[in-house]
Structure formats: C-alpha cells, structure tokens
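Peer 1: Handing you a structure now.
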Amino acid sequence: MENVFNKICEYAESIFTCRSELHGPAHWRRVDINAQLLTEHSGADIIVVRLFAYLHDSCRLDDGRDHMHGPRAANNLPDLPESFITISSTQMQLLEYAIRHHTDGITSDDPTIGTCWDADRLDLGRVGITPIAERMSTQAGKDLCFQ
Ligand SMILES: [Fe+2]
Ligand SMILES: [Fe+2]
C-alpha cells in the first residue's frame with residue numbers, strides 16, 4: 001500500500017506548480033501521518049483520508065489565501081490515473097467533498113471528512129497558527145489540541 005501512496009505523492013508533485021515549502025510534499029506527508037493517527041480513533045475511511053493528504057493542496061498556485069485551490073484540486077480528481085488506485089463512488093464523493101471544502105473553515109460530523117480536515121488543521125503550526133479544539137471536527141482531533 002505504501003507504494004500506492006508514494007505514486008500518488010509523485011503524481012501530486014508533478015502537477016504542483018507552486019513549489020511551496022509550506023504547502024508542499026513535507027506538509028502532505030505530515031497530514032498523512034496525522035490522518036492515520038486520527039483514523040485509529042475516528043473510524044474514518046483510511047484510503048480516503050490518505051488520498052486527501054496528498055491531493056488537497058496539489059493545485060495551490062501560491063502561499064497566499066488562494067481560496068480556490070480546494071475546488072481546483074477537486075475538479076482535477078478525474079485526472080488521477082486510474083491505474084494508481086481504484087476507489088468506490090462513495091469514497092470518491094467523500095474525497096471530492098473533503099478536498100473542495102477544506103478551505104471553507106467549517107467542521108463536519110462525517111468521520112472521514114472530519115478526519116481529513118483535522119489532519120490538515122493539526123499541521124497549522126507550520127504557518128504560525130495554533131490548532132484549536134473548537135475548529136476540530138473529531139474528538140480525536142480535539143484531544144490533540146492544547147486549547
Ligand atoms: Fe489547503
Ligand atoms: Fe493543507
């Protein structure tokens with residue numbers, strides 16, 4: 001399975017024009033680790049949250065707000081080579097929603113969508129923002145915040 005996610009990461013790097021340190025592959029790998037940790041408690045779909053980790057910021061154009069980078073990456077999902085991984089239509093819907101709306105600042109009661117967003121927000125320290133419990137969707141995410 002690691003080979004699959006390495007390929008997905010390489011694919012994301014190949015379409016990532018922003019070359020950002022803040023929102024690039026190192027961030028994606030930390031989100032993946034966060035997602036795997038959270039999933040042990042949240043009951044998320046592990047495939048969806050790991051795909052989210054590598055794809056959610058792949059269409060950023062810069063390190064600014066670039067509020068449309070979520071929708072752009074969601075619109076790009078049909079271009080993901082099918083030979084990499086096969087997921088169900090339900091998994092694709094969850095992934096599409098999580099990526100499209102990850103910049104909207106909202107939370108979700110869905111364990112998979114919530115885990116995606118918490119995994120991303122738990123890495124906010126890299127841009128000088130302390131993750132806070134009230135912005136987390138899952139109990140596991142809240143438990144990892146110090147305020
Ligand atoms: Fe993002
Ligand atoms: Fe991110």
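Peer 1: Expressed as a whole percent, how much of the Cα-Cα distance distribution for the range 21-70 exceeds 11 Å?
Peer 2: 66 percent
Peer 1: Also: ³J(HN,Hα) across the range 97-105 via Karplus (A = 6.51, B = -1.76, C = 1.60, θ = phi - 60°), whole Hz, x for Gly/Pro?
Peer 2: Coupling constants for the range 97-105: 5, 4, 5, 4, 9, 5, 9, 7, x Hz.
Peer 1: In nanometres, what is the gap between the two model label sites at Arg72 and Arg126, each 7 Å from Cα along Cα-to-Cβ?
Peer 2: About 1.7 nm, to one decimal.
Peer 1: Taking every eigenvalue of the Cα gyration tensor of the range 2-143, multiplying by 5 and rooting it, what semi-axes result, largest first, whole Å?
Peer 2: Taking √(5λ) for each eigenvalue gives 20, 18, 14 Å, largest first.
Peer 1: Relative contact order, percent, of the chain when contacts are C-alpha pairs under 8 Å separated by at least 6 residues?
Peer 2: Relative CO of the chain lands at 26 percent.
Peer 1: Leu144: net charge of surrounding residues, Cβ under 14 Å, Lys/Arg +1, Asp/Glu -1, itself excluded?
Peer 2: -2
Readers should treat all values here as calculations from the given coordinates under stated rules, not as data from a laboratory. Just so we're clear, the structure is a prediction, and the values are computed from it rather than from any experiment. Cβ coordinates were reconstructed from backbone atoms using ideal geometry, including for glycine residues, and neighbour counts include every protein chain displayed.
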